[in-house]
Amino acid sequence: MRPSLFVALVMFLFATSCTYMRETPSYREEGRERFGPSPARETRNNETASAAAAPVTSSFYQTKSQKLGYRLNGDENPDLLREVTRWLGTPYLFGGTTSYGMDCSGFAQVVYRNVYDIDLERVTVQMAQRTRRINRRNLQEGDLVFFKIDRRRVSHVGVYLSNNKFVHASTSRGVVVNDLDETYYAERFAFGGRVRR
């Protein structure tokens, strides 16, 4: 293979990293589970179970509103809010699914597993194929939102929250909340997707 062709191929794969994630055990949480659950995951699950048992009050929604940066309605899924606020600020890491770093599809996969007990595919394109397409005005909490960052094909995914906001792993800022009306995302929005169970 000619060096220039090889460099072009590597750059293309890097630019579309969320879409073309390799489906290997080293990138998949399931691959690690065959050796038994990690103590960190067991601890986190116990902490999540304790938090879920706590009553949800207006102060809960106030606190989460401050962390997410927008006013919540007060009827959002508390488990989803706990999960996404836990990951806010996690840096972007290609292939990552831990607190050391996350990529967009890894983040969506972890959120769905921990909140809905659903194992999503690891690659953005495959996630999109598993969903029923939803028009933007019909998005509901927990739906996936897909973007064409390179404007040709779906290459980025986030999780819809409420009030036009979604949470995702941005390559430049890590796990953050953005608004679908922000010019960058509005221009690149492809469709919403409701996961088929």
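Any read-out appearing in this document is the output of simple, stated calculations on the displayed coordinates, not a laboratory observation. Given the structure is predicted, the values throughout are model-derived calculations rather than measurements. Cβ sites come from the backbone with ideal geometry, for glycine too, and all protein chains shown count toward neighbours.
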Q: Search the structure for amide H atoms under 5 Å from the amide H of Ser170, placed 1.01 Å from N in the peptide plane, and list their residues when 5 or more places away or on another chain.
A: Val175, Val176
**Q.** Extension gain from Tyr100 to Gln66, taking 0.36 nm per residue of separation minus the Cα-Cα distance
**A.** 9.9 nm
Q. Karplus couplings for the range 151-159 from phi (6.51 cos²θ - 1.76 cosθ + 1.60, θ = phi - 60°), rounded to Hz, Gly and Pro as x?
A. 6, 10, 9, 4, 9, 8, 9, x, 10
Q: Give me the net charge of Gln129's neighbourhood, meaning all other residues with Cβ under 11 Å from the Cβ of Gln129; Lys, Arg count +1, Asp, Glu -1.
A: +3
Q) Residue-wise, which Karplus ³J(HN,Hα) couplings in Hz belong to the range 127-136, taking 6.51 cos²θ - 1.76 cosθ + 1.60, θ = phi - 60°, and x for glycine or proline? A) 4, 4, 5, 7, 9, 8, 5, 10, 5, 4
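Run through every distinct alpha carbon pair of the range 63-197 and return the Kirkwood hydrodynamic radius in angstroms, one decimal place. Mind showing how you got there, number by number?
Values: mean 1/r = 0.0687 Å⁻¹.
The answer is 14.6 Å.
Tally Lys/Arg at +1 and Asp/Glu at -1 over every other residue whose Cβ is under 10 Å from the Cβ of Ser155; what's the total? Walk me through the intermediate numbers first.
Details: positive: Lys148, Arg151, Arg152, Arg153, Arg188; negative: Asp150.
Summing Lys and Arg as +1 and Asp and Glu as -1 gives +4.
For Ser58 and Arg173, compute 0.36 nm times the residue count separating them, minus their Cα-Cα distance, and round to one decimal in nm.
Details: separation 115, 0.36 × 115 = 41.40 nm, distance 2.94 nm.
Between Ser58 and Arg173, full extension yields an extra 38.5 nm.
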Q: Show which lysines lie in cross-link reach of Lys148 when reach means a straight Cα distance below 27 angstrom and same-chain residues fewer than eight apart are skipped.
A: Lys165
Q: Report ³J(HN,Hα) in whole Hz for each residue of the range 171-181, in order, from the Karplus equation J = 6.51 cos²θ - 1.76 cosθ + 1.60 where θ = phi - 60°; Gly and Pro get x.
A: 5, 9, 10, x, 6, 9, 9, 9, 9, 5, 7
Q. Which residues' amide hydrogens lie under 5 Å from the amide hydrogen of Ser99, considering only partners 5 or more residues apart or on another chain, with H built in the peptide plane?
A. none
(Q) Given a Förster distance of 45 Å, report the FRET efficiency between Arg113 and Glu187 from their Cβ-Cβ distance, rounded to the nearest 0.05. (A) 0.90
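What is the gain in length, in nm to one decimal, between Asn73 and Glu141 on full extension, counting 0.36 nm per residue of separation less the C-alpha to C-alpha distance? Provide the component values of the computation, followed by the final result.
On the way: separation 68, 0.36 × 68 = 24.48 nm, distance 1.16 nm.
Length difference between fully extended and current span is 23.3 nm.
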